[in-house]
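The values are calculated or read from the model by the stated rules, or taken from the named source; none is laboratory data. Remember, it's a predicted structure, so these values are computed and weren't measured experimentally. Because the Cβ atoms are built from the backbone with ideal geometry, glycine has one as well, and the counts that use them run over all protein chains shown.
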Amino acid sequence: MNTLRILGRIAINSVERLGRAAMFLYEVMLGSWELVRRFYLVVQQVYALGVLTLLIILVSGLFVGMVLGLQGYNTLVKFGSANSLGLLVALSLVRELGPVVTALLFAGRAGSALTAEIGLMKATEQLAGMEMMAVNPITRVIAPRFLGGVLALPLLTALFSAIGVMGGHLVGVGLLGVDAGAFWSQMQNGVDFHDDIMNGVIKSMVFGVVVSWISVFEGYDAVPTSEGVASATNRTVVYSSLAVLGLDFILTALTLGEV
Amino acid sequence: MINRKSLELWVGLFVAAGILALAMLAFKVGNLTSADVMNSYKVSARFDNVGGLKVKAAVTMAGVRIGRVSAIAFDNKKYQALVTMDVDGRYQNIPKDSSASILTSGLLGDQYIGIEPGGDDASLKSGDTFLRTQSALVLEKLVGQVIFNKAGESAPAK
């Protein structure tokens, strides 16, 4: 009996939390309209979430591309099609690795910082103080951070994929001696703008919304103690990663299913 | 906190770099530049077997890409495959008696349509059909033929 009751409580709590998260997203969206007049608040967050994440994104993109070049070459050379290396590197980066790895890194680097910042604001009663002064904390604090994340992630993903292709080129052409012309021409023949590149862009937009949403919600919903903020930050990284990987499968199945 | 001017500069730089990266992906990695054949015209061809030909496969003449396959359908009156292709409008003077054949690039590569020019003075217009076609090579049929020929050789020699 007791086990059943615990199960029921967990179910009710998680559904309730999901409902609160959805209501919260709606409020944030409403608050976002008012930011058109105060766009500088969003620009500040694009700096904090995008520009400051740039270094880790560029370095990981370069290395992911280089590893893909090495691994791909070793497999492809067995079939005598090492010239397709460019295609392999570009397709795996643009379709899968770019959006997913960028979103995971973004959740770890920027999402956790967002949650901790908002959670700490709540714990030190800054959010309550704003409400006292008739300033809506959702418009002033939450919405700019949400929008900043939504805007920053697609740009970071594009940079990741681009630098990854460069890394693959560096290893494939520079180190392993694949013909540069074949590298690029195979890539251009095989990568379609609508099917592959736009697919990656759409994925990164969805991931941007989901990761930013989870981050700001966990911060806003945190128990206002130091332990509460810690576990909220923890949850942000775990939930964001799971959501990104799960959604990635669904989005891939949706886009490939039409063929 | 960083001051407003340099913050805006950094964000501007970041956004510009992101858009540049997307443009590089679109034009250098993808095929946005060559994807659309300008003011193309449609011609079609009937094949007994299209093998692994796919929509968007290349249509080439002398090895140069002049268009792409826009549709593949089954003609249930003639029991043949009807392949429609878009040919670049710059190449209007393809002779009317040219032949279209389905070829394979490399051993395991994609299949594409190769056009061999004929000798007719009149040229193909939009909506015309290739009269002479050659189907894709199907490996199983080829192997079957070889075995059949071998059997035929040895039979009368007894």
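The table below lists the values:
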| quantity | calculated |
| --- | --- |
| Boolean, A:G148 is assigned to a helix (DSSP H, G or I) and within 30 Å of A:V94 (Cβ to Cβ) | yes |
| Residue selected from the range A:119-161 under the condition small (G, A, S) and away from chain B (no Cβ under 14 Å), by the criterion surrounded by the fewest Cβ atoms within 10 Å (Cβ to Cβ) | A:A134 |
| From A:G80, A:G8, residue being surrounded by fewer than 19 Cβ atoms within 10 Å (Cβ to Cβ), small (G, A, S), at pLDDT below 90 and more than 23 Å from A:A110 (Cα to Cα) | A:G80 |
| Candidate set: the range B:118-158, residues that are touching a strand residue (DSSP E or B) at 6+ places or on another chain (Cβ under 9 Å), polar (S, T, N, Q) and not in a loop (DSSP other than H, G, I, E, B); chosen: the one nearest to B:L103 (Cα to Cα) | B:Q134 |
| All positions within the range A:101-118 that are buried (at least 22 other Cβ atoms within 10 Å of the Cβ) and either among the hydrophobic types (A, V, I, L, M, F, W, C) or within 14 Å of chain B (Cβ to nearest Cβ) (or both) | A:T102, A:A103, A:F106, A:A107, A:A110, A:L114, A:I118 |
| Residue among A:A11, A:A22, A:A48 that is within 14 Å of another protein chain (Cβ to nearest Cβ), assigned to a helix (DSSP H, G or I) and among the aliphatic types (A, V, I, L, M) | A:A48 |
| Residue within the range B:101-112 that is among the charged types (D, E, K, R) and exposed (fewer than 14 other Cβ atoms within 10 Å of the Cβ) present | no |
| From B:D36, B:D110, B:D48, residue being modelled with pLDDT under 85, under 18 Å from the mean Cα position of the chain (by Cα), under 22 Å from B:K141 (Cβ atoms) and not aromatic (F, W, Y) | B:D110 |
| Residue ID - nearest to A:V237 (Cα to Cα), chosen from residues in the range A:183-208 that are surrounded by fewer than 18 Cβ atoms within 10 Å (Cβ to Cβ) and of a type in the set (A, V, I, L, M) | A:M205 |
| Residues that are touching a helix residue (DSSP H, G or I) at 6+ places or on another chain (Cβ under 7 Å), under 23 Å from A:N83 (Cβ atoms) and part of a helix (DSSP H, G or I), drawn from the range A:189-224 | A:G190, A:F193, A:D196, A:I197 |
| Answer from A:V229, A:V201 - the residue that is under 16 Å from A:T102 (Cβ atoms), at pLDDT 90 or above and over 11 Å from the mean Cα position of the chain (by Cα) | A:V201 |
| Filtered residue count, the range A:1-27, keeping only those that are of a type in the set (D, E, K, R) and more than 26 Å from A:V206 (Cα to Cα) | 2 |
